[in-house]
Amino acid sequence: APTNPSGNTATFTYTLTAPGVAGCTSTGTVTVNICTLTTPNVTARVCPGGSVPICLPFTFAGSCGTVNCSNVTLGAPSQGTLGAPGACPGGTPCTSGCCVVYTAPSAPTAGTATFTYTVAAGSCQSTGTVTVTICLLNIQPDSGETCPDTPVTLDVTANDSVSGTGCGTIDCHTLAVL
């Protein structure tokens with residue numbers, strides 16, 4: 001039976017005997033590296049036609065090889081397009097893994113896109129699912145009136161909304177009025 005099965009290795013011994021040959025017995029030891037590889041599911045949000053860098057995290061323990069972006073295989077997204085896995089663009093948090101840039105279709109509709117990512121190292125393999133929510137900003141016309149040289153304050157987001165499950169509401173702290 002293997003010893004130390006909860007660590008990074010498992011070890012067991014075996015004995016070979018040559019039938020019919022007196023005293024011909026030998027014992028050997030086998031050490032098996034135990035590798036763990038995990039790829040959690042990931043979520044992201046983007047507007048139609050927009051692109052978002054997505055961190056594809058993975059954790060790897062053991063001595064079964066190395067893991068980097070060349071070990072990542074992407075499944076086709078249900079809609080939109082993907083770039084090749086690689087280093088994360090500046091400002092994208094990704095401490096363990098690599099990034100892929102997802103671009104949503106330009107059609108102005110809310111929805112969801114999914115794709116898988118598989119990471120392999122040695123004989124270990126793990127697959128995670130990425131779910132991207134495509135959020136649609138529903139901007140309505142605004143108007144107001146004022147007299148010359150008189151300031152006016154308008155709440156330009158009062159009649160606007162965001163469509164898409166998990167997209168939230170319009171946050172005036174991150175809204176840019178151009």
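The values are calculated or read from the model by the stated rules, or taken from the named source; none is laboratory data. As the structure is a computational prediction, the values presented were derived from the model and not from experiment. Backbone-built Cβ (ideal geometry, glycine too); neighbour counts: all protein chains shown. With ligands, DNA and RNA removed, areas are computed over all heavy atoms of the protein, side chains included. Shrake-Rupley method; radii C 1.70, N 1.55, O 1.52, S 1.80 Å.
Remark: pairs (first residue in region 115-132, closer than 11 Å to Thr36 by Cα and among the aromatic types (Phe, Trp, Tyr); second residue part of a strand (DSSP E or B) and open to solvent by less than 20 Å² (accessible area, probe 1.4 Å); Cβ separation under 8 Å; 6+ apart in sequence or on different chains) are absent.
Here's the yes/no breakdown for (1) among the β-branched types (Val, Ile, Thr); (2) closer than 23 Å to Leu136 by Cβ:
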position: Gly28; (1), (2): no, no
position: Arg45; (1), (2): no, yes
position: Cys98; (1), (2): no, no
position: Thr103; (1), (2): yes, yes
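Once region 23-64 is narrowed to residues that are in a loop (DSSP other than H, G, I, E, B) and open to solvent by less than 40 Å² (accessible area, probe 1.4 Å), the residue that is nearest to Gly168 (Cα to Cα) is Pro48.
Restricting the first member to region 79-94 and to residues that are at pLDDT 80 or above, and the second to residues that are open to solvent by 30 Å² or more (accessible area, probe 1.4 Å) and not in a loop (DSSP other than H, G, I, E, B), the beta-carbon pairs closer than 7 Å and six or more apart or on different chains are Gly80/Thr103; Thr81/Thr103; Leu82/Leu74; Gly83/Val101; Pro85/Cys69; Pro85/Leu74; Gly86/Cys69. Residue pairs whose Cβ atoms lie under 7 Å apart, separated by 6 or more positions or on different chains, with the first residue in region 27-48 and among the hydroxyl-bearing types (Ser, Thr, Tyr) and the second not in a strand (DSSP E or B), are Thr36/Gly62; Thr38/Phe58; Thr39/Phe58.
I'd like the full set of residues that are in a loop (DSSP other than H, G, I, E, B), farther than 30 Å from Ala10 by Cβ and of a type in the set (Ser, Thr, Tyr), limited to region 65-103. Matches in region 65-103: Ser78, Thr92.
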